[in-house]
Amino acid sequence: MSTTVRIIKTPDVLHGRPRIEGTRVGVFTLGASRREHGESVEDLLEEYPDLDRKEIEAALDYYDDHPELMDYIRTQKRLRKQNVLEQSRAPTAGSEGS
């Protein structure tokens, strides 16, 4: 059994974003949790019990080694969220309903 962790991209899973092979856990998800929320490897191991330390560390290394790709993914997520909010007919937070 191989202990090599592979980060892969396939068009039909996670919109082609990099992920840990054999999972649907994206590199961006783990890296952003660490970067934006200060989560440690131990925190991520608790949050993702099906992953082991080598998988998480490989994903975090990939995240750090590909900053342009991670910035692109971050921008795409922000634009999709903005687009959804603009198209929503739901009242915005703080607005009064009739």
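Descriptive notes on the structure:
- To the nearest ten degrees, helix 67-87 and the longest principal axis of the Cα atoms of the chain are 30 degrees apart.
- Between helix 53-65 and the chain there is an angle of about 60 degrees, using the helix long axis and the longest principal axis of the Cα atoms.
- Helix-only mean residue ellipticity at 222 nm for the chain, each DSSP H run of n ≥ 4 adding -39500 (n - 2.57), per residue, nearest 500: -17000 deg cm²/dmol
- Restricting region 10-55 to trypsin sites (Lys or Arg not before Pro) that sit in a DSSP loop and have at most 15 other Cβ atoms within 10 Å of their own Cβ leaves ARG24.
- All other residues whose Cβ lies under 14 angstrom from that of ARG80 are scored, Lys and Arg at +1 and Asp and Glu at -1, for a net of +4.
- For the pair ARG80 and LEU45, label points projected 7 Å from Cα toward Cβ lie 3.0 nm apart.
- For HIS37, HIS15, order by how many other beta-carbon atoms lie within 10 Å, fewest first: HIS37, HIS15
- For the chain, diffusion coefficient by Stokes-Einstein and Kirkwood Rh (Cα), 10 °C, 1.306 mPa s, µm²/s: 105
- Residue exposure sequence - LEU44, LEU60 - by fewest surrounding Cβ within 10 Å: LEU60, LEU44
Taken together, the values in this text are just the output of simple stated rules run on the coordinates, not laboratory data. Because the structure is a prediction, the values reported are computed rather than measured. With ideal geometry, Cβ positions are generated from the backbone for all residues, glycine too; neighbour counts draw on all protein chains shown.
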